[in-house]
Amino acid sequence: MWPLVLHDLMGIVGPPRSLEASVEAIEEAEALDAVATDERRQLWTRLPKPTQQLWLSMLVARTRALRDHAPETPQVTALVKVVIARYPAWAKAFNPGHVNGLQVKHAPIHDSWSQDGRDHWSALSDLLGDQSVIDRR
């Protein structure tokens, strides 16, 4: 059951976008917002704990990349603040394990938050195997 939930969630957020253009940054912010609504966060609880940890790590890395490297637009800035505030409360309530990036003092595991997000996306895709999410771009 949980692979279907993960597949649907990954379909909603889509693969990490390049954040070089304002349009891409806005699309990324809107996708992160859409997958982290109250209703969809309840779906996260259907994932096994290690998958929850990987899922939240991917979202946090992508949100931090967006905050740090996206072209500054008021829309993106506002959405990032809303979305990033949702993660710690969920992690505290459901305890998926250590998620790098939830604390301000955390640094990316790799060269950048963008790379961390891409690596986590790849790992989640590997969990799905043949059910992998199609790149919507």
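Tabulated data for the structure shown
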{"item": "Exclusive hit being charged (D, E, K, R), touching a residue at least 40 places away in the same chain (Cβ under 8 Å) and under 16 Å from Ser18 (Cβ atoms), set Asp68, Asp111", "result": "Asp68"}
{"item": "Count of residues meeting criterion [open to solvent by less than 50 Å² (accessible area, probe 1.4 Å) and touching a Gly at 6+ places or on another chain (Cβ under 8 Å)] in the stretch 28-58", "result": "4"}
{"item": "Residue list for the stretch 35-61, filter: within 20 Å of Gly101 (Cβ to Cβ) and hydrophobic (A, V, I, L, M, F, W, C)", "result": "Val35, Ala36, Trp44, Leu47, Leu54, Trp55, Leu56, Met58, Leu59, Val60, Ala61"}
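The values are calculated or read from the model by the stated rules, or taken from the named source; none is laboratory data. Remember, predicted model here, so these are calculated numbers, not experimental data. When we count neighbours, we look across all protein chains shown, and the Cβ atoms used for this are built from the backbone with ideal geometry, even at glycine. For accessibility, only protein heavy atoms count, side chains too; no ligands or nucleic acids. Shrake-Rupley method; radii C 1.70, N 1.55, O 1.52, S 1.80 Å.
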